[in-house]
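Quick note: the coordinates plus some simple rules give every number you see, no bench work behind them. Since the model is a prediction, treat every value here as computed from it, not as a measurement. All Cβ positions, even for glycine, are placed from backbone atoms using ideal geometry, and neighbour counts span all protein chains on display.
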Amino acid sequence: MATRVPNEIEAKAAEALGALLDSVSSIKTRDIKFQPAHRKTDILAEINVLGREHKLVCSVADGKPEGVKKALDKLRTSADNKKADATPILIAQHMSDGDRALCKQRRVGFLDLDGNARLEVDEVFIGKRSVRSASAPSPISNRLPA
């Protein structure tokens with residue numbers, strides 16, 4: 001089976017997923033791999049949670065509302081066909097409050113590249129909310145002229 005080359009968003013999504021998982025001491029990441037093109041999902045992460053093996057079945061969306069809904073539908077049907085040890089996760093560049101609420105309602109974990117996440121695996125819950133302050137100085141404004 002040929003290895004699929006991920007697009008830029010998928011590569012960033014896999015990196016963000018790895019960073020999130022690595023931030024939780026009770027989760028050990030075994031493998032994060034890109035699924036072949038014929039699969040419904042984009043990324044499969046194999047993890048160990050408190051000594052138990054688990055799979056994260058991930059779909060990557062562009063963040064547009066119709067893309068998020070389509071990805072959620074694909075995730076749900078894909079996860080329903082997997083064993084009980086599979087958790088569906090939606091990863092998007094950006095997710096609105098409505099998109100995050102829809103994920104919660106459909107019992108799908110989420111992660112966006114803005115730094116927001118909600119994931120439940122066994123007894124482990126990860127909740128992360130990014131608040132970007134408009135008053136925070138940008139790194140460019142802190143630079144002194146040469």
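Brief remarks on what is shown
- This model, with +1 at the C-beta of Lys and Arg and -1 at the C-beta of Asp and Glu, gives region 8-121 a dipole about its Cα centre of some 500 debye.
- Multiplying the residue separation of ALA11 and GLU120 by 0.36 nm and subtracting their alpha-carbon distance yields 37.0 nm.
- Full extension of the segment from ARG52 to SER25, taken as 0.36 nm per residue of separation minus the current Cα-Cα distance, would add 8.3 nm.
- Three-way shape call for region 8-121 based on the alpha-carbon gyration tensor, with the a/c threshold at 1.5: rounded
- Each of THR77, THR87, THR29 was scored by other Cβ atoms within 10 Å of its Cβ. Arranged with the fewest first, they read THR77, THR29, THR87.
- The residue among LEU17, ASN116, PRO88 whose Cα reaches farthest toward the positive pole of the charge dipole of region 8-121, with charges on the beta-carbon of Lys, Arg, Asp and Glu, is PRO88.
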